[in-house]
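Taken together, the values in this text are just the output of simple stated rules run on the coordinates, not laboratory data. What you are looking at is a predicted structure, and each value in this text was computed from that prediction instead of being measured. Note that each Cβ is placed from the backbone with ideal geometry, even for glycine, and that neighbours are counted across all protein chains shown.
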Amino acid sequence: MELFGQIVDQEMADMSVATEVLTVRLPAAAVRRLRRVAEISHRPVDDVVADSLRTNLPPLLEDVPTAFRQDLAVLETLPTSELWQQMRAQLDPERLKRYDELLEANSAGGLDVTGQRDLAAVRAEADRLMFRKAYARDAHNIRLVPPSSTDFSAGEL
């Protein structure tokens, strides 16, 4: 029953989150869609909007682990062409091969202290790369031209 208690605690925490009122002008088709989703899901429109924003907006720099923030902050200022390069970046093939070897040795229980240290270093490098790729994608997507109100016709949503 511990899991149930955690779920209830999370629901209570979600209900106590501070809220603000924000007036936003939306195309009529978008409002109809929000209202319809709220009706189908038996939820208030406010909750549908909040969930949509929470799931569709990229994380803020403040939401990523502290160890990656400085590295990722640089991405926000890069031109689009450099963001594309970041999104396509990969670990060096030799580094990736070493990572695979270390993971295999670790699974077999055969890593000494030096191997464990090497594994941690390569894992950190891979994590940093993945965060950079994802954040570069998000930074790129934020810059995209938003859809106009005519893009919200019923057939396109």
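Assorted remarks:
- Complete set of residues in region 19-66 that are among the β-branched types (Val, Ile, Thr), within 23 Å of Asp138 (Cβ to Cβ), surrounded by 13 or more Cβ atoms within 10 Å (Cβ to Cβ) and without any contact (Cβ under 8 Å) to a residue 24 or more places away in the chain: Val48, Val49
- Selection count where residues are outside any helix (DSSP H, G or I) and either among the β-branched types (Val, Ile, Thr) or exposed (fewer than 14 other Cβ atoms within 10 Å of the Cβ) (or both), scope region 85-110: 6
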